[in-house]
Amino acid sequence: MVLAACGEEKNPSARAPMSVKAERVSASQHALSVALTGEVKARVQSDLAFRFTGRIAERFVEIGDHVEAGQVLARLESQEQTADLASMTAGVQSAEATLRQTTAAFERQKSLLANGFTTQTNYDNAQQAMQAARATLDAARSNLGTAREQLVYTSLTADASGVVVARNAEAGQVVEAAQAVFTIARDGERDAVFDVYEGLLAQRPADDTIELALVSNPAVRATGKVREVAPAIDPATGTVRVKISIDAPPPAMTLGAAVTGIGRFKPDNVFALPASAFFTENGKPAVWTVDPRSHAAAIRPITVDSYRTGELLVRDGLEAGDIVVTAGTQLLRPGQIVKPLLPDAQPREETKK
């Protein structure tokens, strides 16, 4: 018994290779599609404001009303402007009377000078008085025109046909010059506006066509094309605003309607692997591969295209026919001899006797 205990230990390397689940990968075409929710907006929106400070006397439209070009939307109190207009009108009448008087005096001096019954000085004075009266009349007429414009500007009118989408003042409120009172969404072309994460813009789309569907009724569909991409990222949301021009928008896609936009990117060759095959080396994605001849395990760095539920898509790092370990990766070490259990070559269990 003592001699038997002194025998040589068995070689640990003689143990059977560890069995691991694996699969032989093959490339497939994959086109990433992204669905986002946006809003239908008018191509052109105008903020309308009064040209000077005043108190709103009347307001004639509500949010959602359709207005025509030239329609009066609101009016300021105009007592001051009306008084100015009356004053300027009287000033023009007075200047016209003065001009008539000085013109008659000049013509009289002109006739007298021709017959030698007046002096050159009197003639020159009459001419200067007439010219001064004419200049005064021109200034009075200019002031009258300004007064008329000021009275007209007490009424805020629509610059184009459209829908009122915002109202920022009420009757009785004092508004400043250039303060936006109404916002008009002009009739015409419509855009679907989306806030897109910057990372999506780095990928190449298959084309510029975007499929659109109404959120409240997905049966209402349309197509559009990318019209404008904001040059800067919104610091509040970290997204980039993208505007899609809607081709022949259905009547149901009204202003403010929520729509879903689906964009498809250019297809790439990828390798689909189960999530259990994922491994990291020095914080970078990798997988374990098995040499088909020596059955030695090795770490292979990869580039992940995208992640999906229960699987990952590998864009770079693998080749068609590679054997990738899909289960048991935590127990492996580089160079370890393993027995890959492939789905198409699973060993049959022996029947117990």
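The values are calculated or read from the model by the stated rules, or taken from the named source; none is laboratory data. If you're wondering where the values come from, they're calculated on a predicted model, not measured in any experiment. No Cβ is skipped: glycine too gets one built from the backbone with ideal geometry, and neighbour counts run over all protein chains shown. Protein only, heavy atoms only, side chains kept; ligands, DNA and RNA dropped before computing areas. Shrake-Rupley method; radii C 1.70, N 1.55, O 1.52, S 1.80 Å.
Annotations for the structure displayed:
- Separation of alpha-carbon centers, segment 279-346 and segment 113-142, rounded to whole Å: 106 Å
- Solvent-accessible area, 1.4 Å probe, carbon plus sulfur percent, for the chain: 51 percent
- Prolate/oblate/rounded call for segment 176-274, Cα gyration tensor, a/c under 1.5 rounded: oblate
- Taking only the Cα atoms of the chain, the ratio Rg/Rh comes out at 1.45, with Rh defined as the Kirkwood radius.
- With 0.36 nm allotted per residue and the present C-alpha distance subtracted, the SER142-GLN29 stretch has 33.2 nm of extension available.
- Degrees separating the helix 120-152 axis from the principal Cα axis of the chain, which is the longest one: 40 degrees
- On the principal axes of its alpha carbon atoms, segment 124-167 extends 65, 15, 9 Å, with the longest extent given first.
- Within the shell defined by Cβ-Cβ distances under 14 Å, the residues around ASN143 carry a net charge of -2, with Lys and Arg each +1 and Asp and Glu each -1.
- Taking 0.36 nm per residue of sequence separation and removing the Cα-Cα distance, the LEU201/VAL152 pair yields an extension gain of 12.7 nm.
- The angle between the Cα long axis of helix 79-115 and the main principal axis of the chain comes to about 40°, on a 0 to 90 degree scale.
- Within the straight-line cut-off of under 16 Å between alpha carbons, the aspartates and glutamates reachable from LYS21 are ASP291, GLU311, ASP322, ASP344, GLU349, sequence neighbours fewer than 8 places apart in one chain being disregarded.
- For the chain, built as a Gaussian network whose Cα springs stay under 10 Å, the top-fluctuating residue of GLY38, GLY335, GLY224: GLY335
- When the C-alpha to C-alpha distance is required to be over 23 Å, the pairs from LYS41/LYS225; LYS41/LYS266; LYS225/LYS266 that qualify are LYS41/LYS266.
- Cleavage-rule hits (chymotrypsin sites (Phe, Trp or Tyr not before Pro)) in segment 68-163: DSSP loop, at most 10 neighbouring Cβ within 10 angstrom: PHE117
- Rounded accessible area per residue of segment 158-293, 1.4 Å, Å²: 54 Å²
- Each principal axis of the Cα cloud of segment 227-318 was taken in turn, and the coordinate range along them, longest first, works out to 67, 30, 21 Å.
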